[in-house]
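These notes concern the structure reproduced below.
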Amino acid sequence: MCGIVGATAERRVAEILLEGLRRLEYRGYDSAGMALLNNAGMVKVRRVGKVKELADAIERDGVNGHVGIAHTRWATHGGVTEANAHPHVSNNELAVVHNGIIENHESLRETLQGLGYQFDSQTDTEVIAHLVHHELKSATTLLAAVQNAVKQLDGAYGTVIMDQRDPGQLVVARSGSPLVIGLGIGENFVASDQLALLPVTRKFIYLEEGDVAAVSRESVAIFDRDGNAVERDVITSDLQYDAGGKGEYRHFMLKEIHEQPFAVRNTLEGRVLDGKIAVDAFGAQAEDIFKQTKHVQIIACGTSYHAGMVAKYWLEALAGVSCNVEIASEFRYRKSHVFPNSLLVTISQSGETADTLAALRLAKEIGYQASLTVCNVASSSMVRESDLAFLTRAGAEIGVASTKAFTTQLAGLLMLTAAIGRFHGMSSSTEARIAKALSSLPTKLEECMSITGAIEKLAPEFADKEHSLFLGRGEQYPIAMEGALKLKEISYIHAEAYASGELKHGPLALIDAEMPVIVVAPNNELLEKLKSNVEEVRARGGIMYVFADSKANFKSDDSMRVINLAHVDELIAPIIYTLPLQLLSYYVAIIKGTDVDQPRNLAKSVTVE
């Protein structure tokens, strides 16, 4: 992975492809490349580094063409080198770009080498190029060759192939990694994300699992995994690419932190009315499904997994429904027990997270009552394949480290708690309390921004730190986990989170003056227990940074820096206390001089296992 763009048109397409890659840069990548077809044949340009390096090379060399494919690569197989960058070419005739992982690439490589093919890279992708080229020796068309080739691939792929012997056509294939076709007039396009194509079209076809399609300037022909011609819906998108600039902010991440009050308002709009949650916000069948739900199984990865962990506390304490939360990559590879009348809830910012999507498909096979996804992308695979969907409406999130996507997920999951609880004994007063707390949330987030200056002043104290510890209790424990994740993602400081009560069971051995300890301390029923844990750290010479409710009576001293937050209903405290941890990670990263928006080794949308 990470980004794919292709075009076939009467006009020159190099700049279209470059602009598409620029719009996908936020996903994270390490190299970029392009292959174009023109009257002279095929030309390939690849560069390690940013898309700008590729654009400069293309401009310098005067490269262009009417058909082309382009790619930004996030390394999976093989190091970050120009030879491993996409596109990959076979016999200087056929070029391929690919997202995903071909699991049987080693055996295919051996077979193809036995047939005389030479490999120039360490990637699994080059196998596709040579395999399709070999199939073309017996197939009558590029489409047929690709159809034959993909039957031999194990793993995930979203791939686009072009052949200079058939210069007007792109052939695309999708299994486990998303691809979209953009429709124009006398021209057509392909991409891994519709955002890449918004400058040239608003009409899209989303390929389904196993689809293979032939895309020319004048036509699109789609075939399912069995080779049958199929029609897929044409969707007209009104999506706005609203992340084209940082505005007054230094980084997209900081911009998106400050957008959270607005994003949460969008999440709540029309869904919290007169002290009640609109159950139909989760889908037309939501009421019938929620009435039958006896158990909730949440599946997610990374930041979304932390959101699910918070939701477990809410669902069990407020809705009276049992809940399990599991990392998607673990769930899909173990034998699990399915409780009767279980609702599967997947959480994903992109709706294309490979492990979470695979878990959703597995759940359909093993007997879950129904599925619901909490997602930010209406056109995503998870939304299309789930029985119910809740769209968070966070807007495009460009920073790799998730901020507003997380807080809007939490808002949606608290709404889900109330919606399910209504049918399982939750009192109307409790639902009204949830509705009131949620309605106040955007304003409370805005008020919380007032601590920005205080956090910025703290950041230099982390300049020479290599390790840190985050502590929280109850529903704040997942928030501590999220804070630790943010700090390590963008500052590269090793950070771990613990439930505070676990300190005495091992982590206390790490405490000294060089280990900053970050504590989230709302004023709730666990406050006194948390204060005891704080004293355990103090007694061992630790330096603490405490984000505390103003009514919690924490006082700053030589061993403890206290940042007071306004008192809020404990229902929304996990969402509020997320914000200072995001700001802390941001300003520490600034001090460290790291790439905040595109941290090393990470990608925004993880479409491989």
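The residue pairs whose first member lies in the range 1-18 and is surrounded by fewer than 24 Cβ atoms within 10 Å (Cβ to Cβ), whose second member is charged (D, E, K, R), and whose beta carbons are closer than 6 Å, counting only pairs six or more residues apart or on different chains, are Ala9/Glu187.
For the range 7-31, give me each residue that is hydrophobic (A, V, I, L, M, F, W, C) and within 18 Å of Ile398 (Cα to Cα). Give the derivation first.
Filtering the range 7-31 for residues hydrophobic (A, V, I, L, M, F, W, C) gives 7, 9, 13-14, 16-18, 21, 24.
Of everything in the range 7-31, those that are hydrophobic (A, V, I, L, M, F, W, C) and within 18 Å of Ile398 (Cα to Cα) turn out to be Leu18, Leu21, Leu24.
Here's the yes/no breakdown for (1) in contact with a Pro (Cβ under 7 Å, 6 or more places away or on another chain); (2) among the acidic types (Asp, Glu); (3) within 25 Å of Ile298 (Cα to Cα); (4) surrounded by 18 or more Cβ atoms within 10 Å (Cβ to Cβ):
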residue	(1), (2), (3), (4)
Ala418	no, no, yes, yes
Ser428	no, no, no, no
Thr443	no, no, no, no
Phe470	no, no, yes, yes
Met481	no, no, yes, yes
Glu489	yes, yes, yes, yes
Ser500	no, no, yes, yes
Ala513	no, no, no, no
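Considering only residues in the range 531-580 that are of a type in the set (Ser, Thr, Tyr) and buried (at least 17 other Cβ atoms within 10 Å of the Cβ), the one that is nearest to Asp512 (Cα to Cα) turns out to be Tyr545.
This table checks each residue for (1) surrounded by fewer than 24 Cβ atoms within 10 Å (Cβ to Cβ); (2) under 30 Å from Glu15 (Cβ atoms); (3) modelled with pLDDT of 95 or more; (4) not hydrophobic (A, V, I, L, M, F, W, C).
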{"site": "Leu153", "(1), (2), (3), (4)": "yes, no, no, no"}
{"site": "Ala173", "(1), (2), (3), (4)": "no, yes, yes, no"}
{"site": "Ile181", "(1), (2), (3), (4)": "no, yes, yes, no"}
{"site": "Ala196", "(1), (2), (3), (4)": "no, yes, no, no"}
{"site": "Gly210", "(1), (2), (3), (4)": "yes, no, no, yes"}
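Can you find, within the range 383-402, the residue that is surrounded by the fewest Cβ atoms within 10 Å (Cβ to Cβ) among those that are closer than 19 Å to Pro574 by Cβ and under 11 Å from the mean Cα position of the chain (by Cα)? Applying the filter and picking the extreme gives Ser402. Scanning the range 40-81 for residues that are at pLDDT below 90, over 23 Å from Thr125 (Cα atoms) and among the aliphatic types (A, V, I, L, M) returns Ala40, Val63.
Condition check ((1) among the acidic types (Asp, Glu); (2) buried (at least 23 other Cβ atoms within 10 Å of the Cβ)) across all residues:
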{"residue": "Asp274", "(1), (2)": "yes, no"}
{"residue": "Asp280", "(1), (2)": "yes, no"}
{"residue": "Ile289", "(1), (2)": "no, no"}
{"residue": "Gln292", "(1), (2)": "no, no"}
{"residue": "Ile298", "(1), (2)": "no, yes"}
{"residue": "Cys301", "(1), (2)": "no, no"}
{"residue": "Ala317", "(1), (2)": "no, no"}
{"residue": "Gly320", "(1), (2)": "no, no"}
{"residue": "Tyr333", "(1), (2)": "no, no"}
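Return the only residue of Ala95, Ala139 being crowded, with 21+ Cβ neighbours inside 10 Å, touching a helix residue (DSSP H, G or I) at 6+ places or on another chain (Cβ under 8 Å) and small (Gly, Ala, Ser). Walk me through how you get there before you give the answer.
Details: Ala139 fails: crowded, with 21+ Cβ neighbours inside 10 Å.
The match here is Ala95.
Number of residues in the range 58-94 that are out of contact with any strand residue (DSSP E or B) (no Cβ under 9 Å at 6 or more places or on another chain) and in a loop (DSSP other than H, G, I, E, B): the value is 5.
Every residue, every condition in (1) within 13 Å of Ser350 (Cα to Cα); (2) part of a helix (DSSP H, G or I), yes or no:
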| residue | (1), (2) |
| --- | --- |
| Thr373 | yes, no |
| Ser379 | yes, no |
| Ile398 | yes, no |
| Phe406 | yes, yes |
| Ala411 | no, yes |
| Leu414 | no, yes |
| Gly425 | no, no |
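The set of residues in the range 67-92 being surrounded by fewer than 22 Cβ atoms within 10 Å (Cβ to Cβ), more than 15 Å from Ala129 (Cβ to Cβ) and not aliphatic (A, V, I, L, M) consists of Thr76, Gly79, Thr81, Glu82.
If you check Ala359 against the conditions, is it modelled with pLDDT under 95 and over 27 Å from His567 (Cβ atoms)? Explain how you work it out, then say what you get.
Details: modelled with pLDDT under 95: yes; over 27 Å from His567 (Cβ atoms): yes.
The answer is yes for Ala359.
Of everything listed in (1) over 24 Å from Leu413 (Cα atoms); (2) crowded, with 22+ Cβ neighbours inside 10 Å; (3) modelled with pLDDT under 90; (4) not hydrophobic (A, V, I, L, M, F, W, C), the single unmet condition for His505 is (2). Residues being farther than 28 Å from Pro167 by Cα and outside any helix (DSSP H, G or I): count how many of those fall in the range 95-118. Counting residues in the range 95-118 that are farther than 28 Å from Pro167 by Cα and outside any helix (DSSP H, G or I) gives 2.
Look at (1) of a type in the set (Gly, Ala, Ser); (2) closer than 21 Å to Phe223 by Cβ; (3) modelled with pLDDT under 95 and you find that Ser121 fails only one, number (2). Among the residues of the range 12-22, is there at least one that is within 19 Å of Gln164 (Cβ to Cβ), out of contact with any Lys or Arg (no Cβ under 6 Å at 6 or more places or on another chain), assigned by the TED database to the domain that holds Val97 and assigned to a helix (DSSP H, G or I)? Yes, there is a match, as at least one residue in the range 12-22 is within 19 Å of Gln164 (Cβ to Cβ), out of contact with any Lys or Arg (no Cβ under 6 Å at 6 or more places or on another chain), assigned by the TED database to the domain that holds Val97 and assigned to a helix (DSSP H, G or I). Annotation note: Cβ proximity below 7 Å between a residue of the range 323-351 that is closer than 24 Å to Lys291 by Cα and a residue that is among the charged types (D, E, K, R) (sequence gap 6+ or interchain) occurs for Cys323/Lys312; Cys323/Glu316; Val325/Lys312; Phe339/Lys294; Pro340/Lys294; Asn341/Lys294.
The values are calculated or read from the model by the stated rules, or taken from the named source; none is laboratory data. This structure is a prediction, so every number in the text was calculated from the model and none was measured. Every residue, glycine as well, gets a Cβ built from its backbone with ideal geometry; the counts of neighbours run over all protein chains shown.
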